[in-house]
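The values are calculated or read from the model by the stated rules, or taken from the named source; none is laboratory data. If you're wondering where the values come from, they're calculated on a predicted model, not measured in any experiment. As a convention, Cβ positions derive from the backbone with ideal geometry for all residues, glycine included, and neighbour counts pool all protein chains shown. For accessibility, only protein heavy atoms count, side chains too; no ligands or nucleic acids. Shrake-Rupley method; radii C 1.70, N 1.55, O 1.52, S 1.80 Å.
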Amino acid sequence: MIRVLIADDQAMVRTGFGMIIGSQSDMTVVGEAADGVAAVELARRLRPDVVLLDIRMPRLDGLEALRLLAGPGVADPIRVVVVTTFDLDEYVHTALSNGACGFLLKDSGPALLIEAVRAAVSGDALISPSITVRLLEHLSSPAPAHDDAGLSPRELDVVKLVARGLTNAEIAAQLFIAVGTVKTHLASVQMKLKARNRVEIAAWAWERRLVS
């Protein structure tokens, strides 16, 4: 079972996330925290597989709680996915530099929340598509010489849609293929590009000006 701790100062959010996690046969909620201090204490005591952590919380904000649980110098870091209403660039960069395994907006939907938890457990990272696109738009390096890295035309189609911030389900709908087929293509793309996650796949596409 994937053991999840939920930390958010809003009871309704904790309940909603709990229902989403509980709907998965291989996931369970092991604890809830309404502030940052309690989140750190519970995480250290329960050692969950993943912590879902809000940013703006009483007593200790989520970014500081994240630093204590997964930041530089932490001997045995805990996997943390930041889930927040606020997508300020400063928050995103701070969260990722402090060891977050994901950064989601609260309106991302149940599917992406589950995907983020699974990605964290597997050592991957998932960032809300809209945030990924905004971050990658800041890339200013000159476009490298054309190199398709051995990707097939269909794999390039998938890569371009990932770079535009689409989810697996949206890519499947756009290309008229099954979600499972999208996942197969992404696995092949990751191997060929030696990319750890979809953020690195998107970065590869943006650097080569495959999207605009």
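Things worth noting here:
- Between the helical axis of 179-193 and the longest alpha-carbon principal axis of the chain there is an angle of about 80 degrees.
- Spatially proximal aspartates and glutamates relative to Lys194 (Cα-Cα < 20 Å; intrachain offsets below 8 disregarded): Asp124, Asp147, Asp148, Glu155, Asp157, Glu207
- Solvent-accessible surface of protein heavy atoms, probed at 1.4 angstrom with all chains present, puts Lys194, Lys183, Lys106, Lys160 in the order Lys194, Lys183, Lys160, Lys106, largest first.
- Loop sites in region 1-94: chymotrypsin sites (Phe, Trp or Tyr not before Pro), DSSP, at most 16 other Cβ within 10 Å: Phe86
- Cβ-derived FRET efficiency at R0 35 Å, Glu207 paired with Leu175, nearest 0.05: 0.95
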